[in-house]
There are 4 protein chains.
Amino acid sequence: MDNAAALSFRHRLYVQLDPAAWQQQGLSLTNRFICALIVASIAFAILETEPSLETEFEDVFSLLEWLLTAAFIAEYVARLWVCTENPKYEGWLGRLRYAYSPIAIVDLIALTPALLSIAGSEVFVLRLFRLVRILRLARLGPFSRAMSHIGAALRSRRYNLTLLLLIVSSVFLYLIEGNVQPNAFGSIPRAMWWSIATLTTVGYGDVFPITPMGRVVAGITAVLGIGMIALPTGILAAAFSDAIQRDKNN
Amino acid sequence: MDNAAALSFRHRLYVQLDPAAWQQQGLSLTNRFICALIVASIAFAILETEPSLETEFEDVFSLLEWLLTAAFIAEYVARLWVCTENPKYEGWLGRLRYAYSPIAIVDLIALTPALLSIAGSEVFVLRLFRLVRILRLARLGPFSRAMSHIGAALRSRRYNLTLLLLIVSSVFLYLIEGNVQPNAFGSIPRAMWWSIATLTTVGYGDVFPITPMGRVVAGITAVLGIGMIALPTGILAAAFSDAIQRDKNN
Amino acid sequence: MDNAAALSFRHRLYVQLDPAAWQQQGLSLTNRFICALIVASIAFAILETEPSLETEFEDVFSLLEWLLTAAFIAEYVARLWVCTENPKYEGWLGRLRYAYSPIAIVDLIALTPALLSIAGSEVFVLRLFRLVRILRLARLGPFSRAMSHIGAALRSRRYNLTLLLLIVSSVFLYLIEGNVQPNAFGSIPRAMWWSIATLTTVGYGDVFPITPMGRVVAGITAVLGIGMIALPTGILAAAFSDAIQRDKNN
Amino acid sequence: MDNAAALSFRHRLYVQLDPAAWQQQGLSLTNRFICALIVASIAFAILETEPSLETEFEDVFSLLEWLLTAAFIAEYVARLWVCTENPKYEGWLGRLRYAYSPIAIVDLIALTPALLSIAGSEVFVLRLFRLVRILRLARLGPFSRAMSHIGAALRSRRYNLTLLLLIVSSVFLYLIEGNVQPNAFGSIPRAMWWSIATLTTVGYGDVFPITPMGRVVAGITAVLGIGMIALPTGILAAAFSDAIQRDKNN
């Protein structure tokens, strides 16, 4: 492979990797695949906190762990290689500046748990840092198209916010009450059962925090959960109002 | 009865049975009666899962079972006889094609539990397949009129969706947790008590799933249940907004 | 007092008693006082079902009972005397027709518990028939003004509906589960604690129906309770939408 | 310092202290600091009711108590000194009239618990009177700007109302059920856990009032809590409706 071909390949890879350089609608195929890997890695990090699953599927988990880590290392190296295509990061100094950019540091931090190979569940939580990256892609992708289709944009944003709220509140209560109430908050999937009941304001009352700190987080979760009701209702109300208006004019 | 009279009768029956061939508003008298039979058969399939009712009303249940089965067989045969009136299913080949259409297969599958006469409660659930057919009629009937009266259409759709959500979530939890918690989910009517408390976000907490699978279904039910609050609120907001506007212009 | 004065007094009393004959806005002073008496009598009928209150305040209760009964008999006789002023009920035949009108019969039925002086708590529930009369007045009074001030009309209607829902659902559960769970539903005020928790979808779960019939009523109450959230939200949304619109035009 | 300088200083202090005399947007730096002190003093009064905290941080609490009291005495004296700058309170008679104004009396009453140095928790509740003052400032500050930015005004008002509802309902249940259920309502922070679960309609059911009076307050809280859902939903619906409208016109 001669130099020109390498440069041309680097440029094409850069366009695939940087959502800002992608001219077409949505995300590039490569970024979609990375998104899927990130989602899988988050789901995997959440499931790994469940003791009953971890003992049963230990082999599958460590295999998946190595595959995901390899993929993310490859991605990190590729991004470092192509970053100079971006006018902001030209030359070797630009590459260094890219390596110190918040996104690259997050990428590196997200890799540490796997590289350190420490099996403590507290370090596994670090893998949730990858959430920061999916937020970046999500922001650049669908949100730039939001201006033309307000309804669709709001709806997609609602699901993102809800999912984020669900995961973040579960992680908090897993960290705060995991040791106090192992049956209720001993893993993130278990804490999610409490979180969904609180965010939807169903509140069965089979599981609830008992520590002051846990109750503060639960209170904030419950107040934010009202947004889960307010957002779709507001969107529907506006849509119906618009439909009635159109119905009248025709 | 000569051939012409038979053909004329077949045509009139076809118009009665096919909602698409019915020129007037709403549903034909025959289809309304079939709708009522389907609703009765679903209600009956739900009640039959309740052990305390089944032992008490065993005779009434088996009599109703035979009457409903006879009616649905008659309907199936009639639909097979008149289907050739539809340009899509002309000739004997058309009739065969109709017999392999999804709707006709669903009709036949829905009949199997009664024909097989197996008393296992798992097979009784098959009778819920009839729900698929009422959805088909419901779709063709009121929904085609929806364009002119958005408010009414949305309101009727809301009740349909709510009822569907109530039945489907109850059936799921009956199947998943029926054996684990017989008092709470041992029959579909019992599971409906949980379902209504979850969908309205009341969440008394006297009954709740304890298996991971049941909790996933319950979480989805709770999130969808928010639509039960969002839909009427949005409709009311749009209607009030419209009323204020009209009040000002006059 | 000569005849002309009697007739003139009768006419003035008629204008005071019949909301339809009242030319000014709202209700006449007499009808407002009757409204207050009806509200007091309903509150009183509700409180009387609470055993702990009844034994303590027996004397106060029987005194109030006699005063209210006397007032309602006076009102009934007065309405019967003045009804001939209404063109619909002219002459002695008209008076007889008035006595057989639904409103007059309800008036009479509402008086029977006090006249029969039977102390059974089941008969006390009959006094809730008076609710029918306050609905009549409420319908004629504020609702006729509703056309000009939609917001105010909807808001007042909301409180009426909510109160009605609260009382009706409490009475139903008191009748259905009063004997099964005396601590939770042994009196209407006790049942109201359950009712308010259900209608606001809070659902603490300390009190809930356990009989199938009670659960059906509770399910209907929970579904209707969503209207308590949807109505004010819809009104607010429409009002805000209107305010934004006005803000823009100025 | 000569007299003119004193008068000029008094005038500048008056402009700093009286929100009505402040010409610029929002609140003056001095009033912002007083606001922060009031918020701190309320938070502090709430936390002090928690027995477990009081025994542990007794020294910190008494130090903070003295600092806050000194600051509020200084503020009271300053307001009394500068009030004559207001045309409404000119001369010594005006100063006397100011001292008898509701605001100044509230200021004085709010100081009594600290001055009396009585350690009974019932008297500590008096410090919540300071809430009345922050409401006054809040009313004058952001609400005057509300006309131009309805959305922002409603949103800020919503948080104020919610916080007020949270504190007031917690204080009520602390006073009513504090002795009956010390674990659940034995301090205001504990009662706030119940209050947040009720206002958001989550209703876990781990904590609920058992006395008739407590249930009446809880019922009112639950009904008012619906406003917490209705307000943001209405605001969002109006905002989305407006966004769709703008999207169409462009």
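Inspect segment C:51-58 for any residue being of a type in the set (Val, Ile, Thr), open to solvent by 30 Å² or more (accessible area, probe 1.4 Å), without any contact (Cβ under 8 Å) to a residue 24 or more places away in the chain and in a helix (DSSP H, G or I) and give the result as yes or no. For segment C:51-58, residues of a type in the set (Val, Ile, Thr), open to solvent by 30 Å² or more (accessible area, probe 1.4 Å), without any contact (Cβ under 8 Å) to a residue 24 or more places away in the chain and in a helix (DSSP H, G or I): present.
Cβ-Cβ contacts under 6 Å between residues 6 or more apart (or on different chains), taken from a first residue in segment C:188-216 that is at pLDDT below 95 to a second residue that is assigned to a helix (DSSP H, G or I) and of a type in the set (Phe, Trp, Tyr), are listed as C:Ile188/C:Tyr174; C:Ala191/C:Tyr174; C:Ala191/C:Phe185; C:Val207/C:Trp194; C:Arg215/B:Trp193. What are the residues in segment B:229-250 that are modelled with pLDDT under 75 and aliphatic (A, V, I, L, M), if any? If the condition is that a residue be modelled with pLDDT under 75 and aliphatic (A, V, I, L, M), then B:Ala243, B:Ile244 are the ones that fit.
Residues of segment D:172-200 that are part of a loop (DSSP other than H, G, I, E, B) and in contact with a helix residue (DSSP H, G or I) (Cβ under 6 Å, 6 or more places away or on another chain): D:Gly178, D:Thr200.
Considering (1) within 24 Å of B:Arg190 (Cβ to Cβ); (2) at pLDDT below 75, the lone condition that B:Glu58 does not fulfil carries the number (2). Report yes if C:Pro232 is assigned to a helix (DSSP H, G or I), at the interface with chain D (Cβ under 8 Å from one of its Cβ atoms) and surrounded by fewer than 23 Cβ atoms within 10 Å (Cβ to Cβ), otherwise no. No: the conditions fail for C:Pro232.
Here's the yes/no breakdown for (1) open to solvent by 40 Å² or more (accessible area, probe 1.4 Å); (2) within 18 Å of the chain's Cα centre (by Cα); (3) in contact (Cβ under 8 Å) with a residue 40 or more places away in the chain:
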position	(1), (2), (3)
D:Asp18	no, yes, yes
D:Ile42	no, yes, yes
D:Thr69	no, yes, yes
D:Val82	no, no, yes
D:Trp92	yes, no, no
D:Ala99	no, no, no
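Would you check if B:Cys83 is within 30 Å of B:Tyr174 (Cα to Cα) and modelled with pLDDT of 75 or more? Against the criterion (within 30 Å of B:Tyr174 (Cα to Cα) and modelled with pLDDT of 75 or more), B:Cys83 does not qualify. Residues in segment A:22-50 that are of a type in the set (Val, Ile, Thr) and either part of a loop (DSSP other than H, G, I, E, B) or at pLDDT 80 or above (or both): 3 in all. The set of residues in segment B:160-172 that are closer than 17 Å to B:Thr201 by Cβ, among the hydrophobic types (A, V, I, L, M, F, W, C) and either open to solvent by less than 50 Å² (accessible area, probe 1.4 Å) or without any contact (Cβ under 8 Å) to a residue 12 or more places away in the chain (or both) comprises B:Leu165, B:Leu166.
Looking at segment A:217-229, which of its residues are buried (at least 20 other Cβ atoms within 10 Å of the Cβ) and of a type in the set (Gly, Ala, Ser)? If the condition is that a residue be buried (at least 20 other Cβ atoms within 10 Å of the Cβ) and of a type in the set (Gly, Ala, Ser), then A:Ala218, A:Gly219, A:Ala222, A:Gly225 are the ones that fit.
A single entry from D:Leu68, D:Leu128 fulfils the requirement of being closer than 23 Å to D:Ile46 by Cα, modelled with pLDDT of 65 or more, in a helix (DSSP H, G or I) and in contact with a helix residue (DSSP H, G or I) (Cβ under 8 Å, 6 or more places away or on another chain): D:Leu68.
State which residue is farthest from the other protein chains (Cβ to nearest Cβ) when the search covers only segment D:179-216 and only residues that are crowded, with 20+ Cβ neighbours inside 10 Å and farther than 21 Å from A:Pro209 by Cα. Ranking the qualifying residues of segment D:179-216, first place goes to D:Gly214. Do we have any residue at all in segment B:86-99 that's acidic (Asp, Glu), modelled with pLDDT of 80 or more and not in a loop (DSSP other than H, G, I, E, B)? Scanning segment B:86-99 turns up no residue that is acidic (Asp, Glu), modelled with pLDDT of 80 or more and not in a loop (DSSP other than H, G, I, E, B).
One residue stands out in segment D:21-40 among those that are open to solvent by less than 80 Å² (accessible area, probe 1.4 Å) and over 13 Å from the mean Cα position of the chain (by Cα): the one that is nearest to D:Asn86 (Cα to Cα), namely D:Ala21.
The values are calculated or read from the model by the stated rules, or taken from the named source; none is laboratory data. These numbers come from a predicted model, not from an experiment. Don't worry about glycine lacking a Cβ; one is built from the backbone with ideal geometry, like all the others, and counts go over all protein chains shown. Please note that ligands, DNA and RNA were not included when accessible areas were found on the heavy atoms of the full protein model with its side chains. Shrake-Rupley method; radii C 1.70, N 1.55, O 1.52, S 1.80 Å.
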